[in-house]
Amino acid sequence: MSSNGEPQILRHSVAERMAHWVVAIVFIFLFLSGLALFHPIFFWISALFGGGPFMRWLHPLVGVLLGVVFYWYAAGLARDNRWLPADAAWKRNMWAYMRQEYHPSDTHKYNAGQKLMYWSMVPIIGVLLLSGLALWQPWFAPHLSPTVRRIAGLLHAISAFVMFVGIGVHVYAAYWTRGSITAMVRGTVSQRWARFHHPAWYQEITGKRP
Ligand code: HEM
């Protein structure tokens, strides 16, 4: 029960919320420190993270942390992100959904937009991690040819940009769906929220028809 007496449903466990917010904070650090390493125009950002040499040492270590925590979190969510026949209809009507002209009743725990974000992050973070390892001085980079390092640099920059755009859309959608950020903080949603945004999940959890 919430403070206003509304029945609540658990949406994100404590471990999932901790993993999600570690990934989010780590992403902000990696993006800012990555910009500082990418071009001298952004080098001033390194002052926020203890200066150039320390930030350069920390960036790849935090990158590995992102990989470990993200894949742990993503593995637990894979089942709820399976692509279902209902998702194709959501995808076709995505713009109508945003204009609030389309509201399907067969949405499970995550809608097709969330699933697309999930399934794009799974390979993108892999590319970021592998290309980052290839650029890591003095560990892996000295053992690779300049061509491989150049390709890794390009892939690292492209995948970081794609991730920035994807996460930008994700944060905007989270802000736009009232109650969802609170759910990622507290773990629970009201039955009304679940019934409205994820009716098929609501039915699965409560056994009641939406
Ligand atoms: C930086 C600010 C971020 C905010 C405010 C935010 C917000 C949220 C919220 C509110 C949810 C719950 C949605 C729901 O219950 O339906 C969520 C889910 C999720 N977030 Fe974030 N997020 C952020 C960053 C990230 C980052 C950097 C990642 C890394 C890829 C990420 C990956 C996910 C995933 C995988 C889910 C579950 C959705 C699914 O599996 O389809 N988030 N986020």
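The values are calculated or read from the model by the stated rules, or taken from the named source; none is laboratory data. Computed from a prediction, not measured in an experiment: that's the story for all the values here. When we count neighbours, we look across all protein chains shown, and the Cβ atoms used for this are built from the backbone with ideal geometry, even at glycine.
With the structure loaded, tell me whether residue 109 is assigned to a helix (DSSP H, G or I), among the basic types (Lys, Arg) and under 24 Å from residue 200 (Cβ atoms) or whether it fails that test.
Numbers: assigned to a helix (DSSP H, G or I): no; among the basic types (Lys, Arg): yes; under 24 Å from residue 200 (Cβ atoms): yes.
No: the conditions fail for residue 109.
Please count how many residues of the range 1-47 are aliphatic (A, V, I, L, M), closer than 27 Å to residue 185 by Cβ and in contact with a helix residue (DSSP H, G or I) (Cβ under 7 Å, 6 or more places away or on another chain).
Of the residues in the range 1-47, the ones aliphatic (A, V, I, L, M) are 1, 9-10, 14-15, 18-19, 22-26, 28, 30, 32, 35-37, 41, 45, 47.
Pick out the ones that are also closer than 27 Å to residue 185 by Cβ and you get 1, 9-10, 14-15, 18-19, 22-26, 28, 30, 32.
Now drop any that are not in contact with a helix residue (DSSP H, G or I) (Cβ under 7 Å, 6 or more places away or on another chain), which leaves 9, 19, 22-23, 26, 30, 32.
Here the count works out to 7.
Every residue in the range 161-191 that is surrounded by 12 or more Cβ atoms within 10 Å (Cβ to Cβ) and among the hydroxyl-bearing types (Ser, Thr, Tyr), please.
Residues satisfying the conditions are 177, 180, 182, 188, 190.
Examine the range 44-57 for a residue that is outside any helix (DSSP H, G or I) and of a type in the set (Phe, Trp, Tyr), and state whether such a residue exists. Steps first, please.
Of the range 44-57, the ones outside any helix (DSSP H, G or I) are 50-51.
Now narrow it down to the ones that are of a type in the set (Phe, Trp, Tyr): none.
Checked the range 44-57: no residue is outside any helix (DSSP H, G or I) and of a type in the set (Phe, Trp, Tyr).
Return only the number of the condition from (1) in contact (Cβ under 8 Å) with a residue 60 or more places away in the chain; (2) not in a helix (DSSP H, G or I) that residue 101 does not satisfy.
Checking residue 101 against (1) in contact (Cβ under 8 Å) with a residue 60 or more places away in the chain; (2) not in a helix (DSSP H, G or I), the one that fails is (1).
Residues in the range 192-207 that are closer than 16 Å to residue 10 by Cβ and either in contact with a Cys (Cβ under 6 Å, 6 or more places away or on another chain) or surrounded by fewer than 17 Cβ atoms within 10 Å (Cβ to Cβ) (or both): how many?
5
Within the range 17-70, count every residue that is in contact (Cβ under 8 Å) with a residue 40 or more places away in the chain, farther than 21 Å from residue 123 by Cβ and within 11 Å of the ligand (Cβ to nearest atom).
Result for the range 17-70: 2.
Wholly within the range 143-210, which helices (runs of 4 or more DSSP H) include no fewer than the required count, namely at least 3 residues that are of a type in the set (Phe, Trp, Tyr) and modelled with pLDDT of 95 or more? Let's see the steps before the verdict.
Values: elements: 146-176, 180-186, 191-197, 199-206.
The qualifying helices (runs of 4 or more DSSP H) are 146-176.
Residue-wise test of (1) surrounded by fewer than 16 Cβ atoms within 10 Å (Cβ to Cβ); (2) among the charged types (D, E, K, R); (3) within 23 Å of the chain's Cα centre (by Cα).
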position	(1), (2), (3)
78	yes, no, yes
82	yes, yes, yes
85	yes, no, no
118	no, no, yes
137	yes, no, no
145	yes, no, no
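With respect to residue 102, is the statement that it is touching a helix residue (DSSP H, G or I) at 6+ places or on another chain (Cβ under 6 Å), aromatic (Phe, Trp, Tyr) and surrounded by fewer than 17 Cβ atoms within 10 Å (Cβ to Cβ) true?
Judged against the criteria, residue 102 is a match.
Search the range 148-174 for residues that are over 15 Å from residue 123 (Cβ atoms) and aromatic (Phe, Trp, Tyr) and pair each with any residue that is assigned to a helix (DSSP H, G or I) and within 16 Å of the ligand (Cβ to nearest atom) when their beta-carbon atoms are under 8 Å apart and the residues are at least 6 apart or on different chains.
Between residues of the range 148-174 that are over 15 Å from residue 123 (Cβ atoms) and aromatic (Phe, Trp, Tyr) and residues that are assigned to a helix (DSSP H, G or I) and within 16 Å of the ligand (Cβ to nearest atom), the close pairs are 164/31.
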